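Heads up: the structure comes next, in structure tokens.
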Amino acid sequence: MYIDFWYPICTTAQLTGTAPVKARVLTLPFVAFRDGDGQAHVLSDTCVHRGGGLSRGKLVNGRLACPYHGWQFEGSGHCALIPSLGPDGNIPARAKVDSYPVVERYGIVFAFLGDLSETERPAPPEIRDYGQPGWRAGLVTFDIDAYFERSIENGLDPVHNEFVHALQGNIKFRPDRMQVTEDEWSSTVFVRMDPPKKGTTQLENLRDDLNPEHFSASSGHYGANTLITRISLSKDNVFVQYFFEQPVDASHTRIFFVNMRNCMLEEQNDARMEQINLAIAGEDIAVITQLNPVRTPESSTKEVLVVGDECIGQYRRHLGEWERRGWRLDLKALEATAGDVAWAIPSPERRRSKNWVLDPAPLLPASVPPSARRS
Ligand code: FES
Ligand SMILES: [Fe+2]
């Protein structure tokens, strides 16, 4: 798991403004809430007084009040009131919790979980064509008992389709029709496939004009935890899926799934599209929850990669680069201290001020000096 990326925390619909929402991401607790202006905030969920869980607290005058002794925290993470000290009480400088940059879009509250400055960090996730005329989007969340990297790698794998997905019938992978591209934050595999034969898949029921010329698929990752897949049956029959993955812990992931289509735009088709998408996801889940080991092996000698696995290799090279920059959490250290130490993912404010109560979550050591790191 990696700090310094944008992670989905909760949905806009969950964050009603009347109660905070708890989320567990990168094994650590976070809380989301709306202030009096409706602005969403994401904080570390550990009260620095004596460890109260802020997400069990209440919203009071746009602040989040701890359920234990009522300390009130603003969206900035600063404590603004300690009731036992009275309204004029002196607030200690250390009475602050980490507050993370937030963007709210596509019905999802995303937080940047890391301390990079705005100019260093990757851009928040973007969905091309979202809200544009001729496109329709749906959002659903679901939980899987799998490590998030296994899920991303599954989506980047063009070979599994014909074996895992009954829906896609006899879509044959052809290595000579595959192309892999990459840039600093992403890799994409583009595959031109033979369309399914008539009568072998439900896909053709969507529309009856499968066009071999336009039949293509691509999948790619953006950053560590976003997967984007695109299936084009023709230019007027395009289905794009965005999987914003929330690594909960080393064997659980919550997926915020936005599906886009440029056909069948009527609302009455939403339920059927969601049903088809979840059925496909269910076929993937059945496989990736049974992989051994649960997490990606540390050594490449423990797998045999062949043609078709290129995009997975690209993803892993990106992850390796982010590990060298010092962004990879030390999961073993986190597990070893469970119950004894409260950690926090460092927020950007930690670069500007000192005196933080919670220690920054342990990271594997960087192997690239900061000056040589791409940013
Ligand atoms: S633990 Fe939060 S106010 Fe005491
Ligand atoms: Fe799949």
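Structure notes:
- For residue 31: the one exception among (1) part of a strand (DSSP E or B); (2) free of Cβ contacts under 8 Å to residues at least 12 places away in the same chain: (2)
- From 20, 8, residue being closer than 19 Å to residue 143 by Cβ and either β-branched (Val, Ile, Thr) or out of contact with any Pro (no Cβ under 8 Å at 6 or more places or on another chain) (or both): 8
- Test result for residue 7, within 23 Å of residue 338 (Cα to Cα), among the aromatic types (Phe, Trp, Tyr) and part of a loop (DSSP other than H, G, I, E, B): no
- Qualifying residues in the range 58-74 (those that are over 15 Å from residue 22 (Cα atoms) and open to solvent by less than 40 Å² (accessible area, probe 1.4 Å)) - the one nearest to ligand 1 (Cβ to nearest atom): 71
Listed here are the residues, each with its yes/no results for (1) open to solvent by less than 60 Å² (accessible area, probe 1.4 Å); (2) within 24 Å of the chain's Cα centre (by Cα); (3) more than 23 Å from residue 221 (Cβ to Cβ).
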site	(1), (2), (3)
290	no, yes, no
331	yes, yes, no
345	yes, yes, no
354	no, no, yes
360	no, yes, yes
365	no, yes, yes
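- No other residue among 98, 115 is acidic (Asp, Glu), modelled with pLDDT of 95 or more and within 16 Å of ligand 1 (Cβ to nearest atom) apart from 98.
- Extreme residue, nearest to ligand 1 (Cβ to nearest atom), among residues of the range 139-156 that are more than 14 Å from the chain's Cα centre (by Cα) and under 29 Å from residue 178 (Cα atoms): 154
- Beta carbons closer than 6 Å, at least 6 apart along the sequence or on distinct chains, pair a first residue in the range 117-138 that is hydrophobic (A, V, I, L, M, F, W, C) with a second that is not in a loop (DSSP other than H, G, I, E, B) for 127/242; 135/260; 137/258; 137/260.
- Cβ-Cβ distances below 9 Å connect the following pairs, each with a first residue in the range 351-375 that is within 25 Å of residue 336 (Cα to Cα), a second residue that is at pLDDT below 65 and open to solvent by less than 80 Å² (accessible area, probe 1.4 Å), and a separation of six or more residues or different chains: 366/373.
- Taking first residues from the range 141-163 that are free of Cβ contacts under 8 Å to residues at least 12 places away in the same chain and within 21 Å of residue 175 (Cβ to Cβ) and partners that are of a type in the set (D, E, K, R) and open to solvent by 10 Å² or more (accessible area, probe 1.4 Å), the Cβ contacts under 8 Å between residues at least 6 apart in sequence or on separate chains come to 162/172.
The values are calculated or read from the model by the stated rules, or taken from the named source; none is laboratory data. In this text the structure is predicted, and so the values were computed from the model without any measurement. Positions of Cβ are generated from backbone atoms using ideal geometry, with glycine treated the same way; all protein chains shown enter the neighbour counts. Note: accessible area is taken over every heavy atom of the protein model, side chains too, but ligands, DNA and RNA are not part of it. Shrake-Rupley method; radii C 1.70, N 1.55, O 1.52, S 1.80 Å.
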